[in-house]
Protein chains: 2
Amino acid sequence: MSLLTIGTVAFDALETPYGKTDKIIGGSCTYIALSAAFFLPQVNVVAVVGDDFPQEYMDSLISKGINLDGLQIKKGEKSFFWAGKYHNNMNSRDTLVTDLNVLADFKPMIPNSYQDCEFLMLGNLTPQVQIEAIQGLKNRPKLVVMDTMNFWMDIALDDLKAVLKRVDVLTINDEEARQLSGEYSLVKAARVIRAMGPQTLIIKKGEHGALLFGSEGQTFFCPALPLEDVFDPTGAGDTFAGGFIGYLASTGRTDFEAMKTGIVYGSALASYCVEQFGTTKLASITPEDVDARLAQFRLLMTEKA
Amino acid sequence: MSLLTIGTVAFDALETPYGKTDKIIGGSCTYIALSAAFFLPQVNVVAVVGDDFPQEYMDSLISKGINLDGLQIKKGEKSFFWAGKYHNNMNSRDTLVTDLNVLADFKPMIPNSYQDCEFLMLGNLTPQVQIEAIQGLKNRPKLVVMDTMNFWMDIALDDLKAVLKRVDVLTINDEEARQLSGEYSLVKAARVIRAMGPQTLIIKKGEHGALLFGSEGQTFFCPALPLEDVFDPTGAGDTFAGGFIGYLASTGRTDFEAMKTGIVYGSALASYCVEQFGTTKLASITPEDVDARLAQFRLLMTEKA
């Protein structure tokens, strides 16, 4: 089934203990689409860039099966730019630059050819834009997954809560779950957040794995793969979400059992993502690599063969 | 097969955000033995207390199948006492009091009736005493598991390394693994630590689960059960170790597959331990409770039913 994702397509400049990059391709939508494209012949993107965004970057996405019909290119404007520096343990980072540029007045335009998409992934963006994306679809998709971050909890909580009422699955990290719910226990946090709207909650814990909370008390945990080195964590959460919804869209399923496998796929893709800067690794691996890593995850998780 | 454990039997005074206790029964050996006793008709203890240690505490251990023939009672001396206060997130704590008392000159005495024990659990203690325990056994046990902590890395690293050369399995937490190895990546840390002696390394990550590293690159991850509340984390690591070695001793197995199940049992018991103060919960649950929680763990971990 077809997948639509909305989010940012942007420039990132990254610095980690392993080195630094100039402006490279980044953005939530980029990672989501690259990851989901492992499961689908086409991933439909809604996003905005300036005319400084290189054609070669767009060509590289198109070559992966990513449909850019919904990518607005704003003449005379600049693309969103984020620069960040990770600390030694990779668990914290400083934002050095956030230039919203084209994002400042982004109005999502959904091409007619996207209207029958049955899976919708709302990448991290202003909650107001996420709502407009939902409203821009004539039919409610079969599954709406939303990612967000603490920044929107700080400055746009009411808007965020309005989106939450309209989505099926929310993905956030553990600190964000605690902030949003006011509960330290993740079990209690999940109960509070699920009462805000999403039937299903995924709490991402980075190097500590991910928790899936479904309706009827169902809970599933997927570990992160212990890695030799985490080179650059940028985009890992988006890659995870892209693999999750990409797998579901490829099967057409939205049940808890399918979501469990979706989370393992998402984790497998995220584990590749962090092994090189930006999208480098994600853009270079094959479906066979993804299957090989899935097998590694299953070995790691399986008590009884 | 029979199990011998050495460690502390002591008084603890605990303070958590949920309340505080007067002096209650504690100590690494107490938790290990209570946990292992779920799997074995008898758990043999080597430890030392003062004559201030109440008979009723000893009777309660004996009633659980814990053999105290190896418990020295020092006349006119006081038992080891530790007081600690946990911070709000339970992940850090302050030590308020450490009165070594009888521990200061503890010489482990191994009763003849323990000499044929095939499983040995060295609870957290001075590395020198851990070595003496190994030396006190005429035959090398089939499996020696050792727990330790950062304190000994700080003040007795050479002794600690000497014990490491003689054990099969080491259990430490993630920060301790990083300190001992000098490596941040747990994969690299495991390689360095396994080269120090233990074939198998278990890295305990508290609320984030536990990692098992075997020879030949085998790796297994067991999550922690997401809990409504963590009431008191004291003894969770010892309870985990006791469940792990208790299960192995009950099967007589020391292979990686058995260790995986041992870790799930250990995690199940630890998840009970933290639900009430001290040993309260551990002393009140039944083998049926343990099996019920094991089933919860398997549900949490199992991608495909």
Q: Calculate the mean, over all residues of peptide B:204-213, of how many other protein chain Cβ atoms lie within 10 angstrom of the residue's Cβ.
A: 3
Q: Determine the percent antiparallel among the DSSP beta bridges restricted to the stretch B:11-159, to the nearest 5.
A: 40 percent
Q) Stretched out fully, how many nm does the piece from B:Met149 to B:Arg298 gain, at 0.36 nm a residue minus the Cα gap? A) 50.7 nm
(Q) When the expected Rg is taken as 2.2 N^0.38 Å, what fraction or multiple of it is the alpha-carbon Rg of the protein assembly as shown? (A) 1.06
Q. When only Cα pairs under 8 Å and 6 or more residues apart are kept, what is the percent relative contact order across the stretch B:125-188?
A. 36 percent
Q) Under the definition of Cα pairs under 8 Å and six or more residues apart, what whole-number percent is the relative contact order of the stretch B:1-160? A) 25 percent
(Q) At a threshold of 8 angstrom on Cα-Cα distance, excluding pairs fewer than six apart, so keeping six or more, what relative contact order does the stretch B:1-60 reach in percent? (A) 40 percent
Q: Between A:Asp159 and B:Ile62, with labels modelled 7 Å along Cα→Cβ, what's the label distance in nm to one decimal, could you check?
A: 7.1 nm
Q) So, in Å, what gap is there between the alpha-carbon centers of the stretch B:105-146 and the stretch A:143-173? A) 55 Å
Q. Do any chymotrypsin sites (Phe, Trp or Tyr not before Pro) in the stretch A:131-200 lie in a DSSP loop with no more than 16 other beta carbon atoms within 10 Å, and if so, which?
A. A:Tyr184
Q) Residues of A:216-226, mean number of Cβ from any other protein chain within 10 Å of their own Cβ, rounded to a whole number? A) 5
Q: Distances from A:Leu157 to the same position in the other copies: list them in nm, one decimal, shortest first, using label points 7 Å from Cα along Cα→Cβ.
A: 4.7
**Q.** Over 30 Å [Cα-Cα, chain B], rounded percent
**A.** 25 percent
Q. For the stretch B:66-102 and the stretch A:182-258, what is the separation of their C-alpha centers, rounded to whole Å?
A. 40 Å
Q) So what is the 222 nm mean residue ellipticity for the protein assembly as shown from helices alone, if each DSSP H run of at least 4 adds -39500 (n - 2.57) and you divide by all residues, rounding to the nearest 500 deg cm²/dmol? A) -11000 deg cm²/dmol
(Q) I need the trypsin sites (Lys or Arg not before Pro) found in the stretch A:97-200, filtered to DSSP loop residues with at most 11 other beta carbons within 10 Å of theirs. (A) A:Lys138, A:Lys165
Q. For labels at B:Lys138 and A:Val187 in the simple 7 Å Cα→Cβ model, what's the distance in nm?
A. 4.9 nm
(Q) Please arrange B:Thr8, B:Thr148 by how many other C-beta atoms lie within 10 Å of their C-beta, fewest to most. (A) B:Thr148, B:Thr8
Q.
For B:Asn173, what residues show an amide H to amide H distance below 5 Å, using hydrogens built from the backbone and excluding near sequence neighbours?
A. B:Lys204
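No value in this document is a laboratory result; all are computed from the given coordinates. Note that the structure is a prediction, hence the values are computed from the model and not measured. Backbone-built Cβ (ideal geometry, glycine too); neighbour counts: all protein chains shown.
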